[in-house]
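Trainee: Once you've had a glance at the structure underneath, I'll fire off some questions.
The values are calculated or read from the model by the stated rules, or taken from the named source; none is laboratory data. Since we're looking at a predicted model, the values are computed, not measured. No Cβ is skipped: glycine too gets one built from the backbone with ideal geometry, and neighbour counts run over all protein chains shown.
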Amino acid sequence: MTNKDECIILLDNFGEEQLSSVATMLKSMMDMSDLALEEARDEAFCQKLYQGYLDDPDPEKDDAMSLEDFAESLGISVS
């Protein structure tokens, strides 16, 4: 018996009122699953960007710059 078959048998034992609650719970579980998948994709993307930064051979990548100097380089006054 498959999981789907087992679920159908279980659902046949619920009343119509109970099925409304079951449907709501299943929809919530699907939404949580979609959200978890999206968060995992975001995390993987961020990790890829970070690893790309670490692997970058540019020696200037580790040079720190103050906020004021950065703003000045963009032509913005922060004072």
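Trainee: Taking the stretch 12-47, which residues are surrounded by fewer than 10 Cβ atoms within 10 Å (Cβ to Cβ) and touching a helix residue (DSSP H, G or I) at 6+ places or on another chain (Cβ under 7 Å)?
Mentor: none
Trainee: Which count do you get for residues in the stretch 55-66 that are outside any loop (DSSP other than H, G, I, E, B) and either surrounded by 10 or more Cβ atoms within 10 Å (Cβ to Cβ) or not charged (D, E, K, R) (or both)?
Mentor: The number of residues fulfilling the criteria is 1.
Trainee: Please list, ordered by first then second residue, the pairs with beta carbon atoms under 9 Å, 6 or more apart or interchain, first in the stretch 26-49 and modelled with pLDDT of 90 or more, second in a helix (DSSP H, G or I) and exposed (fewer than 10 other Cβ atoms within 10 Å of the Cβ).
Mentor: Within 9 Å, no pair qualifies.
Table: residues versus (1) of a type in the set (D, E, K, R); (2) touching a Pro at 6+ places or on another chain (Cβ under 7 Å); (3) part of a helix (DSSP H, G or I).
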| site | (1), (2), (3) |
| --- | --- |
| Leu10 | no, no, yes |
| Gln18 | no, no, yes |
| Asp31 | yes, no, yes |
| Asp34 | yes, no, yes |
| Phe45 | no, no, yes |
| Tyr50 | no, no, yes |
| Tyr53 | no, no, yes |
| Glu68 | yes, no, yes |
| Ser77 | no, no, no |
